[in-house]
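J.: One structure, pasted below without further comment.
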């Protein structure tokens, strides 16, 4: 029965994907002009439409990827990726969700030259290039940011931290670690080992907001296909950080 349900959802999501692409393009234009619209019912309605499209598009992409994983058709196309641009695009994608809850984001670049830790606001050109699939990595960060918004409180500051971790062996490339942190309800320790399993939802997440339990499973699949790692750091009642690692280009 579960297999039939998955196949049905995959079929429906596939049919929705094409018209969904048009809606996403329209919403991007609408949200670009949102700041110039006067306060009032029209602006609120545009915001509602934008948020609904973002959520539906994320759901469609996750269902399609879950079907591809199950069928063994999941793949990535590797190349040099400007991580700065990918993160900016992901932030633009989830902007309607952040606006709804009055949330803001900050991007921090962390480097450890000579063992000295330095935290600075990320600037264009400072974030290193990575090896990856640009579209898939955009999907990863949109998923993580969407979760951070969903489970973070109103007015929360979501932090995206980009860290270059130098290889101990001079002949090896450095690793880039990207983490997304919120100040939401956190995840109980006994449940953290299961958060990347398909359809699993932590008890605190079930209480906080509806969801499918696919986002983190898809995130893990994408990152592992890049040869990277994914992990979580959380304390119940004190927020969650999800991190991924990628190879520097």
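The values are calculated or read from the model by the stated rules, or taken from the named source; none is laboratory data. Fair warning: this is a prediction, and the values are worked out from it, not measured in the lab. Backbone-built Cβ (ideal geometry, glycine too); neighbour counts: all protein chains shown.
J.: Just checking, does the stretch 30-51 include any residue being part of a helix (DSSP H, G or I), crowded, with 16+ Cβ neighbours inside 10 Å, assigned by TED's automatic domain parsing to the domain that holds residue 221 and modelled with pLDDT of 65 or more?
T.: no
J.: Does residue 98 satisfy being surrounded by 14 or more Cβ atoms within 10 Å (Cβ to Cβ) and at pLDDT 90 or above?
T.: yes
J.: Let me ask something else. List the number of the failed condition for residue 197; all other conditions in (1) over 13 Å from the mean Cα position of the chain (by Cα); (2) modelled with pLDDT of 90 or more hold.
T.: (2)
J.: Any idea which of (1) at pLDDT 85 or above; (2) touching a strand residue (DSSP E or B) at 6+ places or on another chain (Cβ under 7 Å); (3) surrounded by 14 or more Cβ atoms within 10 Å (Cβ to Cβ) is the one residue 164 doesn't satisfy?
T.: Here residue 164 clears every test but (1).
J.: Using the structure shown, decide if residue 220 is assigned to a strand (DSSP E or B) and modelled with pLDDT of 90 or more.
T.: no
J.: Taking into account only those residues within the stretch 223-249 that are assigned to a loop (DSSP other than H, G, I, E, B) and touching a strand residue (DSSP E or B) at 6+ places or on another chain (Cβ under 7 Å), which is modelled with the lowest pLDDT?
T.: Only one residue tops the list, namely 249.
J.: For residue 91, state whether it is at pLDDT 90 or above and closer than 18 Å to residue 241 by Cβ.
T.: Details: at pLDDT 90 or above: yes; closer than 18 Å to residue 241 by Cβ: yes.
For residue 91, the condition - at pLDDT 90 or above and closer than 18 Å to residue 241 by Cβ - is met.
J.: Considering every residue within the stretch 8-15, establish whether at least one is buried (at least 18 other Cβ atoms within 10 Å of the Cβ) and modelled with pLDDT of 75 or more.
T.: So far as the stretch 8-15 goes, no, none of its residues is buried (at least 18 other Cβ atoms within 10 Å of the Cβ) and modelled with pLDDT of 75 or more.
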